[in-house]
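Please read the structure below before turning to the comments.
None of the figures in this text is laboratory data; all of them are computed from the coordinates on show. Please read all numbers here as calculations on a predicted model, not as lab measurements. Note that we place each Cβ from the backbone using ideal geometry, even for glycine, and neighbour counts take in every protein chain shown.
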């Protein structure tokens, strides 16, 4: 019984650490800012999409360092931190972004998103 419990705990610890992005907590060198115009009635759904894909982004996107949702009356912004501009550009071409995130957010948008990449110093 104790042996099985120890194995289960060890497996949970291994899974927790193996899914952590190596760059999480490091200072980002580039930022991808996506500004979205979303009606107030659709904001809850948009927040759910953000929550659904935040951890997969941090775990799987190359060079991902952070992801934050910024909400104001006029619009919603998603600020992604990366270790390089090239990593940010690659994420925009990834299936996680193009198929999953855009696929779910698309119907909620009132206009085309504004996408900007910044280099941080």
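Values computed for the structure shown
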{"read-out": "Semi-axes of the equivalent ellipsoid for the stretch 51-95, Cα gyration tensor, largest first, Å", "value": "20, 12, 9"}
{"read-out": "Simple label model, 7 Å out from Cα along Cβ direction - residue 51 to residue 104, nm", "value": "1.1"}
{"read-out": "Paramagnetic label zone (point 7 Å from Cα along Cα-to-C-beta, residue 69; backbone N under 17 Å) in the stretch 79-121", "value": "79-81, 97, 100-110"}
{"read-out": "Label-point separation, residue 86 to residue 60 (7 Å along Cα→Cβ), nm", "value": "2.3"}
{"read-out": "Spatial separation of Cα centroids for the stretch 52-73 and the stretch 79-102, in angstrom", "value": "10"}
{"read-out": "Efficiency of FRET between residue 43 and residue 115 - r from beta-carbon atoms, R0 25 angstrom, step 0.05", "value": "0.80"}
